[in-house]
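The values are calculated or read from the model by the stated rules, or taken from the named source; none is laboratory data. Computed from a predicted model, the values in this text were never measured in an experiment. Cβ placement follows ideal geometry from the backbone for every residue including glycine, while neighbour counts extend to all protein chains displayed.
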Amino acid sequence: MEKVQKTAANRGKHANHSDWYRLDLSAIVYPTLQRRDFSSVYRLSVLLKEEIQPDVLQQALDMTLPRFPTYKAAIRKGLFWRYLEPNDRPGPFVQKDVRNPCQPMYFKANNRYLVRVYYFRNRIALEAHHSLGDGTGGMCVLMTLTATYLRLLGAEGIENGGFVLDIHGTPKEEELEDAYMRYANAKVCPPRVEEKSYRVRGTAEPFYTLNIIDGIMSASQVMAAAKRYGATITEYLNAVLLQALLTRQEEDRRSRLRPVKIAMPVNLRRFFPSVTLRNFITMIFPGVDPRLGEYTFEEIVIQVRNYMRYYLNEKLLRGDITTNAETQRNPFIRIVPLFIKDFVVRMFYTKVQDRNSSAGLTNMGRMEVPEGMRDYIERFDICMGQPFSRRTNCAIISFGDILTINFASSIVETDVERYFFRRLVQDGIHVKIESNRNMELGTE
């Protein structure tokens with residue numbers, strides 16, 4: 001009770017930390033892509049070892065969210081830019097989980113909150129609109145919520161640290177900053193010349209249908225397979241996905257050969273010191289071009305490894321950030337009305353950016369939690385959410401020796417996923433498959 005009273009006292013302080021926040025450099029794009037049947041929504045889940053008590057989870061959410069002012073927020077539209085403002089409306093309210101996650105978030109629905117919290121059996125799931133922040137920020141919200149929930153149930157010895165923040169503390173200025181603008185200071189803006197990549201053709205699922213396929217496996221087995229090819233886990237799994245896409249393209253007689261590329265977000269906090277809870281990622285595009293000849297799997301691994309080790313450095317990433325920031329800094333663009341900016345950005349993304357890749361892949365890496373939480377957690381899941389166009393998105397996360405690979409797509413065909421997991425089995429990795437197509441949940 002004492003904690004609840006302290007949190008209530010701090011709630012106003014957190015809400016008034018700032019009157020509004022301009023969307024960060026990445027977040028500017030996501031609202032322009034909003035459609036009736038699409039929002040940029042991702043999902044993070046933690047599976048505990050005991051069944052969730054929804055009333056306690058709601059109490060924990062009420063205590064936790066005020067600590068994150070850019071998540072306890074509503075998105076507003078100005079004449080020139082969108083921005084976030086504090087949201088003191090009731091909610092958000094925990095809900096029983098649904099069969100089809102990551103459904104569109106409409107800016108005026110749900111009391112204008114752009115976060116959802118679900119529960120099912122022993123799972124807590126957080127869904128967030130990408131305008132609020134990236135997976136690192138979202139994981140801070142989820143893990144702080146989980147720690148608060150466990151403490152309310154009587155768990156002792158759970159300390160703050162890492163992804164678990166102090167719900168009674170005041171947010172640091174650095175947590176709320178647009179870190180892109182701090183590091184967008186290269187003296188040149190490298191051009192981007194990308195060629196249209198192969199796109200998977202498939203049968204569109206009905207609206208509100210998202211196909212989820214989870215592969216659960218041993219992290220040590222995946223690491224051993226990657227080492228046999230002289231690669232990291234991320235490089236190895238990129239190569240596996242590229243090979244699956246190449247195989248799919250070979251069977252697609254309606255499509256001429258094109259480069260096969262993967263859109264992979266890079267967490268810039270690895271290269272530039274920052275504790276921001278907002279977006280701080282950029283995209284790289286490892287790939288191969290089958291028009292140059294047939295690639296063995298070993299050659300794909302080498303191609304990915306060389307690409308990643310060339311592009312993942314502070315110098316090139318700083319140049320990429322600077323190129324992105326130049327449009328926002330341009331005095332002319334700043335005074336262009338928002339509806340014109342939306343039209344141009346949407347056209348560029350649809351005609352150019354979205355066609356630069358054949359699939360998406362993100363790796364959250366190995367999850368570290370405070371020692372006092374480890375015994376309560378079984379595993380983590382991550383879902384990139386609904387693809388903007390007909391393709392599949394792949395997301396990876398591990399905890400202890402459990403590594404989970406999630407595929408999310410809005411097409412009926414699952415050829416790419418089948419080729420992907422078949423390759424892992426060939427490399428000696430035992431895979432357990434789960435899917436939302438055969439799960440019994442409370443609502444559709």
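Scanning the range 259-304 for residues being closer than 30 Å to L176 by Cβ and not in a loop (DSSP other than H, G, I, E, B) gives a total of 12. Note on the range 195-210: residues that are of a type in the set (D, E) and surrounded by 14 or more Cβ atoms within 10 Å (Cβ to Cβ) total 1. For R99, the test of being modelled with pLDDT of 95 or more and either under 15 Å from the mean Cα position of the chain (by Cα) or basic (K, R) (or both) is failed.
Put simply, of F380, F388 the only residue that is within 23 Å of the chain's Cα centre (by Cα) and in a loop (DSSP other than H, G, I, E, B) is F388. Inclusion of A74 among residues that are of a type in the set (G, A, S) and part of a helix (DSSP H, G or I) is not warranted.
Matching residues to (1) surrounded by 15 or more Cβ atoms within 10 Å (Cβ to Cβ); (2) more than 24 Å from I429 (Cβ to Cβ):
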site: K341; (1), (2): yes, yes
site: E368; (1), (2): no, no
site: E371; (1), (2): no, yes
site: A395; (1), (2): yes, no
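Just one of the listed residues (Y149, Y106) is surrounded by 21 or more Cβ atoms within 10 Å (Cβ to Cβ) and either outside the structural domain of R366 (by TED's automatic domain parsing) or closer than 19 Å to P69 by Cα (or both), and it is Y149.
If you go through the range 365-380 one residue at a time, do you hit one that is within 15 Å of P265 (Cβ to Cβ) and at pLDDT 85 or above? Scanning the range 365-380 turns up at least one residue that is within 15 Å of P265 (Cβ to Cβ) and at pLDDT 85 or above.
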